[in-house]
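Asks: After the structure tokens below, expect a handful of questions from me.
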Amino acid sequence: MNSYSIKELLKKQPTGDTVEVNGWVKTFRSNRFIALNDGSTIHNLQCVVDFENFDDTLLKQISTGAALRISGTLVESQGRGQSVEIQANDIFVHGEADPETYPIQPKKHSLEFLREKAHLRVRTNTFSAVMRVRSALAFAIHSYFQQNGFYYMHAPIVTGSDAEGAGEMFRVSTLDSKNPPLTENGEVDHSQDFFGKETNLTVSGQLEAETYAMGLGKVYTFGPTFRAENSNTSRHLAEFWMIEPEMAFYDLDANMDLSEDFIKWILQYVLDNCQDDLEFLEKRLLDEEKSKPQAERSEMPLIEKLKFVVENNFKRVSYTEAIDILRNSKPNKKKKFQFLINEWGADLQSEHERFLVEKHFKCPVILFDYPADIKAFYMRLNEDGKTVRAMDVLFPGIGEIVGGSQREERLEVLQQKIKALDIDEKELWWYLDLRRFGTAVHSGFGLGFERMVQFATGMGNIRDVIPYPRTPQNAEF
Ligand code: 4AD
Ligand code: MG
């Protein structure tokens, strides 16, 4: 007998063939209609049971969450909403799910409740849809780069450097935390640690990716990155996935062009390949937003919003222009911003980024040429001596989704910068070597994968787009 996924079965004609399917019960109504789902699609398969033909004890085992194997004939559906259904001949119960204790019952559960049941939440419509879109996006990302001459590069997870120079790192050590070996000065002696030095989980694969771009030409990383920043927001995770393309001979303009083309391509891929899930997620979002005041609702339904991004140019604005706009903006003048913009050089907060994108330009924005003082050490200094060739892509509802730059390729300028920031040059000897041997203009950026999944699915909280979120005070599962 032929075993099929529900996605396959729902595309078939009602041929009267005998087929087999496995899945979990969504609902069992009137002792007759099983809605079965196997995760292959957002849609359920209706399986019709003639209870006269089945044992009572078996029927009692069928409840929401139970795993079943059903074989039967594929017939035209009498009910609305699906073209085919199964007339069940045989039902095997793989495993029951006691309705008294199984938490995912057929009713509305809050996202907060489901976060505590993260091991089961993928069985809900919302999370299965989000995770299928997440998977499709990951595939799209690889496809885009592979089709465009990039090589996939694996940056190390354990590193000795702080790529962003922000000091937000998780230490990696095998020393006895209760009784570590000490140096003569009374400090922890990391020369006796596993790697013979201080190491941490990577905050970014960029520095290593740069070394590979300077040999392979165009590379990208796609892996987990870690930040020990104590940010309890709906956009921050302590463990998140980042995509970091790095290209030799690209200047900042080419970098911005790439980021825009890349983002549009992967969103188009999702529009083309995840239609059912997007339709479901769009409805979910509309429902959720009904309870919000008008001003907080999205201006466009999800699918329209994705199409809008794909079809319209991102607005490119220099930091200096952006500061002028913000300084003269209503929320700044009326002191509505939490952080008021008074002068050039101010770091932009998410409230400012979102104002620019959502209220002022009403489209994705790429800000570039930021003050050197608020950006990382590796960014190329402009001729003005005070701004760097940095760029951030800002998205509606999200804020910063991409951060990137043209890299400082001049050895002396980079050395000066490292010294000024009191970074240990010895740790970066290999990074500086790139500027000693065959240095060249090069650029890259980092896309926060979860923020992109948030945008594509309309989910408001980043904890709901990764299977097991890691956030301050939380590493359950
Ligand atoms: O702007 P960031 O810190 O840039 C870098 O790490 C560079 N090394 C990238 C590069 O040029 N190769 O981070 C890049 C992106 C952000 O724009 C954001 O989307 C995401 O990573 N991101 C986070 N996502 C979730 N949780 C966090 N704590 C994040 N921090 C950054
Ligand atoms: Mg950034």
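The values are calculated or read from the model by the stated rules, or taken from the named source; none is laboratory data. This one's a predicted model, so the numbers in the text were calculated from it and none came from an experiment. Don't worry about glycine lacking a Cβ; one is built from the backbone with ideal geometry, like all the others, and counts go over all protein chains shown. We work out accessible area using only protein heavy atoms, side chains counted, and drop any ligands, DNA or RNA first. Shrake-Rupley method; radii C 1.70, N 1.55, O 1.52, S 1.80 Å.
Asks: If residue 26 meets every condition in (1) out of contact with any strand residue (DSSP E or B) (no Cβ under 8 Å at 6 or more places or on another chain); (2) assigned to a strand (DSSP E or B); (3) of a type in the set (D, E, K, R) apart from one, which number is that one?
Replies: The single condition residue 26 does not satisfy is (1).
Asks: Between residues in segment 438-463 that are over 24 Å from residue 126 (Cβ atoms) and residues that are within 16 Å of ligand 2 (Cβ to nearest atom) and basic (Lys, Arg), which pairs lie under 6 Å by C-beta distance while being six or more apart or on different chains?
Replies: 442/407
Asks: So which of 204, 191, 161, 177 ends up being open to solvent by 50 Å² or more (accessible area, probe 1.4 Å) and assigned to a loop (DSSP other than H, G, I, E, B)?
Replies: Unique residue meeting the criteria: 177.
Asks: Looking only at segment 217-230, which residues are more than 19 Å from residue 163 (Cβ to Cβ) and not in a strand (DSSP E or B)?
Replies: The answer is 217, 230.
Asks: Next question. For the list (1) over 29 Å from residue 108 (Cα atoms); (2) surrounded by fewer than 16 Cβ atoms within 10 Å (Cβ to Cβ), I need the number of the one condition that residue 209 fails.
Replies: (2)
Here is a yes/no grid of residues against (1) touching a Lys or Arg at 6+ places or on another chain (Cβ under 6 Å); (2) of a type in the set (A, V, I, L, M, F, W, C); (3) more than 16 Å from ligand 1 (Cβ to nearest atom):
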{"residue": "172", "(1), (2), (3)": "no, yes, yes"}
{"residue": "180", "(1), (2), (3)": "no, no, yes"}
{"residue": "183", "(1), (2), (3)": "no, no, yes"}
{"residue": "193", "(1), (2), (3)": "no, no, yes"}
{"residue": "197", "(1), (2), (3)": "no, no, yes"}
{"residue": "206", "(1), (2), (3)": "no, no, no"}
{"residue": "218", "(1), (2), (3)": "no, no, no"}
{"residue": "234", "(1), (2), (3)": "no, no, no"}
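Asks: Note down all Cβ pairs under 7 Å where the first residue falls in segment 267-278 and is closer than 21 Å to residue 39 by Cβ, the second is crowded, with 19+ Cβ neighbours inside 10 Å and of a type in the set (S, T, N, Q), and they're at least six residues apart or on different chains.
Replies: Pairs that qualify, where the first residue is closer than 21 Å to residue 39 by Cβ and the partner is crowded, with 19+ Cβ neighbours inside 10 Å and of a type in the set (S, T, N, Q), are 276/41.
Asks: Need the failing condition index for residue 405 against (1) farther than 30 Å from residue 419 by Cβ; (2) surrounded by 14 or more Cβ atoms within 10 Å (Cβ to Cβ); (3) of a type in the set (S, T, N, Q), just the number.
Replies: (1) is the only condition that residue 405 fails.
Every residue, every condition in (1) within 15 Å of residue 322 (Cα to Cα); (2) open to solvent by less than 30 Å² (accessible area, probe 1.4 Å); (3) more than 12 Å from ligand 1 (Cβ to nearest atom), yes or no:
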position: 376; (1), (2), (3): no, yes, no
position: 389; (1), (2), (3): no, no, no
position: 398; (1), (2), (3): no, yes, no
position: 401; (1), (2), (3): no, yes, no
position: 409; (1), (2), (3): no, yes, yes
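Here is a yes/no grid of residues against (1) free of Cβ contacts under 8 Å to residues at least 60 places away in the same chain; (2) under 29 Å from residue 133 (Cβ atoms):
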residue: 8; (1), (2): yes, yes
residue: 15; (1), (2): yes, no
residue: 30; (1), (2): yes, no
residue: 43; (1), (2): no, yes
residue: 64; (1), (2): yes, yes
residue: 67; (1), (2): yes, yes
residue: 76; (1), (2): no, no
residue: 91; (1), (2): yes, no
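Asks: If you don't mind, another one. Looking for whichever is of a type outside the set (Val, Ile, Thr), open to solvent by less than 30 Å² (accessible area, probe 1.4 Å), in contact with a Cys (Cβ under 6 Å, 6 or more places away or on another chain) and part of a helix (DSSP H, G or I) here; the options are 140, 136. Which one fits?
Replies: 136
Asks: Based on what the data block shows, is residue 338 closer than 19 Å to residue 236 by Cβ, more than 16 Å from ligand 2 (Cβ to nearest atom), assigned by TED's automatic domain parsing to the domain that holds residue 259 and surrounded by fewer than 16 Cβ atoms within 10 Å (Cβ to Cβ)?
Replies: So residue 338 passes the test.
Asks: Sticking with this one: Within segment 413-466, work out how many residues are of a type in the set (Phe, Trp, Tyr) and closer than 22 Å to residue 140 by Cα.
Replies: Counting residues in segment 413-466 that are of a type in the set (Phe, Trp, Tyr) and closer than 22 Å to residue 140 by Cα gives 3.
Asks: Of the numbered conditions (1) away from ligand 2 (no atom under 16 Å from the Cβ); (2) modelled with pLDDT of 95 or more; (3) not aliphatic (A, V, I, L, M), residue 206 fails exactly one; give the number of that condition.
Replies: For residue 206, the failing item is (1).
Asks: Have a look at 170, 150 and point out the one that is among the aromatic types (Phe, Trp, Tyr), open to solvent by less than 80 Å² (accessible area, probe 1.4 Å), in contact (Cβ under 8 Å) with a residue 12 or more places away in the chain and closer than 24 Å to residue 227 by Cα.
Replies: 170
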